[in-house]
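Chemist: Before we start, here is the structure in question, set down as structure tokens.
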Amino acid sequence: MKSKYQNGFFIFGLTVLIVMAAQLDFYEAWKDITHAGYWFLCVLLLWGFLYMLNAAAWYLIIDSIGNEQGVCRKCKVGFWWLYKITISAFALNYATPGGLMGGEPYRIMSLSPKIGTQRASSSVILYVMTHIYSHFWVWLLAVPLYLITEVVTPLTYLVLPPIAIICLVAIWFFIRGYKNGIAMTGMKVLSHIPVLKRWAQPFIDRNRDKLDAIDQQIAALHNQNPRTFAAAVFLEFNCRIISTLEIFFILMVIMPDVTFTRCILIYSFTTLFANMLFFLPLQLGGREGGFLMSTEGLSMTARAGIFVALLVRVRELIWTAIGLLLIKFDKKQG
């Protein structure tokens, strides 16, 4: 990637990070960090491992899809370089309103010099699809898990069925996208949106062949490499489940009797609510509100929700800062 683009990503992310950090109550944050003690260190190390799983899923996808004409199929992308790009991409997603507008262009621009633009674009689209796809499976899992482990109320019957239906429809949509490709379909959807259609339709006309090629590469992973597809989904799904350990570690400080099952439910409903507010940078307010609603909905104290939300926010800020530094000091290619 050219240094001017690299510096642009870094400066933008750093600016947003400073603005977001300024909203933090540092006294309360430090008090809660010291109260959490080594558990907070466990949380930070946990995310270092989770990013490895994210990078592994993306690595499998890159290694399995086709490549552009004239680009060496045997060209390999170093795993640890990809791990670094993964951390930086998630840092940009945290700091960008709309999330995917920051990290995914960075992934494509970093990877394109190595494997070509089409293959890089295909791998990033596939990875994002797999990442989101795994979320819907976790949210769907939370519905029967809640019914089995929690007290069912009339409100439960109003809230859970729509969640299950939305998740099932989304899973069907993603499976269809995996089979047939989603790049052209996505652009056609944009071409019907009033603000974007003036840009989207000319883009389709200019890049129809490239979009078709990307869709062919996307479909090939599902149809020709089902084991790789299953492995990537398995890694991302397990990454979502393992990430609930973050909530478990934090709640262990104030609630030693907390169960892992409840942490899965808190994570599921919190991320569902936060993703409904995807347009907020760092999901500011959405994640905190999700933690409060999830913990209170599970008959836990508001203090527990605030405690978890604050430490998760600090962890996000720390890893965002690490990701931005990795952008700035990326001097070597993997």
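The values are calculated or read from the model by the stated rules, or taken from the named source; none is laboratory data. Fair warning: this is a prediction, and the values are worked out from it, not measured in the lab. Cβ sites come from the backbone with ideal geometry, for glycine too, and all protein chains shown count toward neighbours. Keep in mind that these areas ignore ligands, DNA and RNA; they rest on the heavy atoms of the full protein, side chains included. Shrake-Rupley method; radii C 1.70, N 1.55, O 1.52, S 1.80 Å.
Chemist: If you scan segment 57-110, which residues turn out to be small (Gly, Ala, Ser), under 12 Å from the mean Cα position of the chain (by Cα) and at pLDDT below 55?
Modeler: The answer is Gly98, Gly99.
Table: residues versus (1) acidic (Asp, Glu); (2) open to solvent by less than 70 Å² (accessible area, probe 1.4 Å); (3) over 21 Å from the mean Cα position of the chain (by Cα); (4) on the phi < 0 side of the Ramachandran plot.
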site	(1), (2), (3), (4)
Phe136	no, yes, no, yes
Ala142	no, yes, no, yes
Ile148	no, no, yes, yes
Thr153	no, yes, yes, yes
Leu160	no, yes, yes, yes
Ile166	no, no, no, yes
Ile171	no, yes, no, yes
Phe174	no, yes, no, yes
Gly177	no, yes, no, yes
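Chemist: Taking the options Ala274, Ala309, name whichever one is part of a helix (DSSP H, G or I), open to solvent by less than 20 Å² (accessible area, probe 1.4 Å), under 21 Å from Trp137 (Cβ atoms) and modelled with pLDDT under 90.
Modeler: Ala274
Chemist: Tell me, please, whether a residue that is under 17 Å from the mean Cα position of the chain (by Cα) and of a type in the set (Phe, Trp, Tyr) can be found in segment 223-244.
Modeler: Within segment 223-244, one or more residues are under 17 Å from the mean Cα position of the chain (by Cα) and of a type in the set (Phe, Trp, Tyr).
Chemist: Which of the residues belonging to segment 209-227 are open to solvent by 30 Å² or more (accessible area, probe 1.4 Å) and under 27 Å from Trp139 (Cβ atoms)?
Modeler: Across segment 209-227, the qualifying residues are His222, Asn223, Asn225, Pro226, Arg227.
Chemist: Moving on to the next point. Quick one: in segment 235-267, which of the residues that are out of contact with any Ser or Thr (no Cβ under 8 Å at 6 or more places or on another chain) and more than 22 Å from Tyr38 (Cα to Cα) is surrounded by the most Cβ atoms within 10 Å (Cβ to Cβ)?
Modeler: Leu235
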